[in-house]
Amino acid sequence: MSVISTQPVLSESTPINDNTLNMVARIPTKQLLHVFEEGFFTKLQDKDLMRLAVLLAQKGYEEGGCAIGGVVRSNKTGLILGKGHNKHIQESRLYWHGETDAYNDAYNNGNPDFSEATAYTTLTPCSVCTALTFSHSFSRIVIGNRLGGVNQENEDLLRDKGVQVDILEDPLGVALYAQYAQEKPEQDTRDWQGQAGVVRAGLQGNDCGSC
């Protein structure tokens, strides 16, 4: 009788690159330790976690959604608690951002103490995600794209609430978001400003879609 191994397929020595991080992005969080040894995750640095968030944003973009991704990591164990990407378009929701998706993924995987976790997001959070971050007592957030300080007030508010805010721009993430925003300006604006923002900006019907 054959025995099915329950050992992880990829070891601690597995190289960290876009290929392996893309695997992490596409494997459900609950299944990660069935594929990777714990040591793979504990050796990840901030730049690797940000690249993972960018690859999640890429996944959202490929689905036709907004190019924003998020990751939650335990400060104690170094393991990934949750990850996700913006699903506002894909799931026809009024609001479902990359941070929201990652935080809910972590909650559904064991409701961790977020005061002992770090959030990674490819974009400075909107007002709602900002409130969600400090209200759940995250100790730290790492931001991959500030858009020239468009939401500087949200970064300041997080700091005022005791959250450590670090900026770690990822060139791939910056380029991806710029491409997305250029291709779909109406969708981009609607995602965080709603219909009123689209009207204010005069963007109704301005998405070029696949053009």
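Quick look at the values:
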item: Overall form of the stretch 134-197 per C-alpha gyration tensor (a/c, 1.5; a/b vs b/c); result: oblate
item: Most mobile listed residue (67, 119, 175) in the chain, GNM with C-alpha springs under 10 Å; result: 175
item: Accessible-area ranking of 200, 159, largest first, probe 1.4 Å; result: 200, 159
item: Separation in nanometres of the label points that stand 7 Å from Cα toward Cβ, at residue 27 and residue 115; result: 3.2 nm
item: Which labelled figure in (i) 17.5, 68; (ii) 16.6, 52; (iii) 19.0, 57 is Rg and Dmax of the Cα atoms in Å, once derived from the coordinates; result: (i)
item: Relative contact order, percent, the stretch 1-71 [alpha-carbon distance under 8 Å, six or more residues apart]; result: 31 percent
item: Heavy-atom surface of the chain, accessible at 1.4 Å and reported per residue (Å²); result: 49 Å²
item: Accessible surface of the stretch 47-180 [probe 1.4 Å, protein heavy atoms]: carbon and sulfur percent; result: 51 percent
item: Cα-Cα over 20 Å, subset of 47/161; 59/184; 43/87; 87/184; result: 47/161; 43/87
item: Radius of gyration and Dmax over the Cα atoms of the stretch 1-72, both given in Å; result: 13.7, 49
item: Highest-fluctuation residue, 144, 39, 84 considered, GNM on the chain with Cα pairs under 10 Å; result: 39
item: Counted charge near residue 94, where neighbours are those whose Cβ lies closer than 12 Å (Asp, Glu -1; Lys, Arg +1); result: +1
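The values are calculated or read from the model by the stated rules, or taken from the named source; none is laboratory data. Bear in mind the structure is a predicted one, so any value in this text is a computation, not a measurement. Note that we place each Cβ from the backbone using ideal geometry, even for glycine, and neighbour counts take in every protein chain shown. Only protein heavy atoms, including side chains, enter the accessible area calculation; ligands, DNA and RNA are left aside. Shrake-Rupley method; radii C 1.70, N 1.55, O 1.52, S 1.80 Å.
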